[in-house]
Structure formats: C-alpha cells, structure tokens
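Below is one structure; the comments refer to it alone.
Every read-out reported here was derived from the displayed coordinates using simple, explicitly stated rules and does not represent laboratory data. What you see is a predicted model, and the numbers here were worked out from it, not measured in a lab. Neighbour counts run over all protein chains shown; Cβ positions are idealised from the backbone, glycine included.
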Amino acid sequence: MIRALLLNAFIFMFTIILCAFAILISVFDRNGKWIHSLIEVPWARVILRLSGIKVNAVGLENISAAKPLIFMSNHQSYFDIFTLFAFLPVNFKFIMKQELMKIPFFGFTMKRAAHIGIERNNPRKAVMSMNRAVRRINSGTSVLIFPEGTRSIDGRLLSFKRGGFSLALKSGCDIVPVAIRGSYRIVLKGSLKINKGCIDMFIGEPISVKEYTRKNVSQLMEKVREAMLRYLEDGS
C-alpha cells in the first residue's frame, strides 16, 4: 500500500513538473518535436522503470519515419500511453477527445505539445476539427488513435468507432495496427495499486487505405481489427 501511495504521488508530481517544462519549451517549439523528445519520451520511460514495468516491443522495423503514419492501438490502461511514448520510435501526436483538452493545466499542456483534440458532440465542430487533423497529417505529422474510443477493462478488444478511419481515408495515410497486451493487469479498474509486470507491444505492417472509400470503410475497419486480434491472441 505504501509503495502504491508513493508511486502515485511521484507520477502526479513528476507529471506536473514536466508539464511546466513542456509549456516553457513550447514557446520555441510550435510543432511539439522538442517536447516529444525532451519531455514525453523521458517522462514515460522513467515512470515505466520506477513502476517495475518491462516492455517487449516487437515489429519496430515496420515503422518508417519517411512519411506520416496513423497508428491505431487498442487501449487497456493508462500505462498504454507511457508504453507508446517510450517505445514508438517516431514523433507522433495523440488524437484525443476535445473534453480532455479542457482539463486544467493538463489540457493546456496537450495543446502546447501539439496534440489534436477532436470535437465529437457538435457535428459542425467535429467536421472542422477533423479537417484540422487532416491538414496536420498532410503536413507530415504522424498521429495515434485509440479506435475503441475507451479502455477495455479485461484486455478484450472492443468494437471500433468510425472516426479514425474516416480521418485515414481523408488523409490517404497508411494505418499501422498496434496491439498492446497485458497492460490491463498493471492497474486494475478502481485501484490505485500499480502492479509490476510485462507489457507486450506488437507493431504490424502498414495497411494502405487507397482501395477503400466511405462505402467499404467497414472492410478497412475489419482488416485493422483482425491484425490487432492476431497479435493479441498469439503474438505473431
């Protein structure tokens, strides 16, 4: 219990301190590249190490830094965020709910770090925010999306939302499926205890969206889902 309290207190304070540094750096870093390499990656690696979490990352050779990519990952725990920042070897930005951008201090830091908020409740604003995201991708920014839209509490893959796939079609950007396995055991829902353990992260081969349109986007969704399930089930 003492370990849990100390570890959670450290994560909170460490995050606040690095958010302050990120805001300072953002004055000179409008696209968030310095923040990613100097703040986000070290932040994630320190927390994983101190929490006793080992990450086994497979398929890094499938990532190319030569062009922007849309990473789509399943979501089991907030430790997924640390895992992705620490082990994806590219500068990427999260596509997140606009509501998260309204959290005091944290939301402002996310904006300054150039992460992208998507409005979901207002159709007109949703289209505008989606178009902004497309422009960011077309300018060379890789992004990461949790297509389930929420966390799975038992590790099983939930149904996908269409939003991320519409973004992929509009941008014409390849989708890289990412499967994270075992992170739901690190922090159980409703618990503050952070368990030591291992997280497996599998990075699949890029999936081209060129042959897909709005009419057959469900096929694209199924292809990405099948890739994630394959890695989650047998790791191959």
Helical contribution to [θ] at 222 nm, DSSP H n ≥ 4, -39,500 (n - 2.57), averaged over the chain, rounded to 500:
-12500 deg cm²/dmol
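Give me THR109, THR213 sorted ascending by neighbouring Cβ count inside 10 Å, so fewest comes first.
Numbers: THR109 22, THR213 11.
So the residues, fewest neighbours to most, are THR213, THR109.
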Kirkwood-Stokes translational diffusion coefficient of the stretch 152-204, alpha-carbon pairs, 4 °C, 1.567 mPa s, µm²/s
96 µm²/s
Cα centroid separation - the stretch 87-135 against the stretch 199-236, whole Å:
23 Å
For THR15, THR83, order by how many other beta-carbon atoms lie within 10 Å, fewest first:
THR15, THR83
Taking θ = phi - 60°, what integer Hz values does the Karplus form 6.51 cos²θ - 1.76 cosθ + 1.60 yield along the stretch 22-29, in sequence order, with x for Gly and Pro?
4, 5, 5, 5, 4, 4, 10, 9
ILE118 long-range amide H proximity, modeled H, under 5 Å:
MET96, LYS97, GLN98
Given H placed 1.01 Å from N in the peptide plane, which residues other than close sequence neighbours of VAL209 have an amide H under 5 Å from its amide H?
ILE175
Taking amide H positions as placed in the peptide plane 1.01 Å from N, state which residues far from LYS93 in sequence (5 or more) or on other chains have amide H under 5 Å from it.
SER142, VAL143, LEU144
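Got a sec? How would ARG225, ARG135, ARG120 order by Cβ neighbour count within 10 Å, fewest to most?
Details: ARG225 19, ARG135 12, ARG120 15.
In order of increasing Cβ crowding within 10 Å: ARG135, ARG120, ARG225.
Mind ranking 141-154, 89-102 by how tightly packed they are, going by the mean number of other C-beta atoms within 10 angstrom, highest first?
Values: 141-154: 19.1, 89-102: 17.0.
Put in order of decreasing packing, that is 141-154, 89-102.
Just add up the charged neighbours of ALA168: K/R +1, D/E -1, any other residue whose Cβ is under 11 Å from the Cβ of ALA168. Spell out each step's value before the answer.
Numbers: positive: ARG162, LYS170, LYS210; negative: ASP174.
Local net charge: +2.
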Could you run the Karplus curve 6.51 cos²θ - 1.76 cosθ + 1.60 with θ = phi - 60° over the stretch 38-50 and give me ³J(HN,Hα) per residue in whole Hz, x for Gly and Pro?
8, 10, 5, 5, x, 4, 5, 5, 5, 5, 4, 5, 5
Can you give the Rg to Rh ratio of the stretch 102-236, both from alpha-carbon atoms, with Rh computed by the Kirkwood formula?
0.98
Apply the Karplus curve 6.51 cos²θ - 1.76 cosθ + 1.60, θ = phi - 60°, to the phi angles in the stretch 88-103 and return the couplings in whole Hz, x for Gly and Pro.
7, x, 9, 6, 9, 10, 6, 8, 10, 4, 4, 4, 5, 6, 9, 5
Normalised by the number of residues in the chain, what is the relative contact order in percent for Cα pairs under 8 Å and 6+ residues apart?
26 percent
Efficiency by 1/(1 + (r/R0)^6): what FRET value for SER208 and LYS54, r their Cβ-Cβ distance, R0 = 45 Å, to the nearest 0.05?
0.85
Between ASN138 and LYS111, with labels modelled 7 Å along Cα→Cβ, what's the label distance in nm to one decimal, could you check?
2.5 nm
Would you kindly compute the Cα radius of gyration of the stretch 40-138 and its largest Cα-Cα separation (Dmax), both in Å?
15.0, 45
Test item: Cα-centred dipole of the stretch 161-212, Lys/Arg +1 and Asp/Glu -1 on Cβ, debye
420 debye
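Two-decimal Rg/Rh of the chain from alpha-carbon positions, Kirkwood Rh? If you can, show how the numbers build up before the last one.
Details: Rg = 17.3 Å, Rh = 18.3 Å.
Taking Rh as the inverse mean 1/r over Cα pairs, Rg/Rh reads 0.95.
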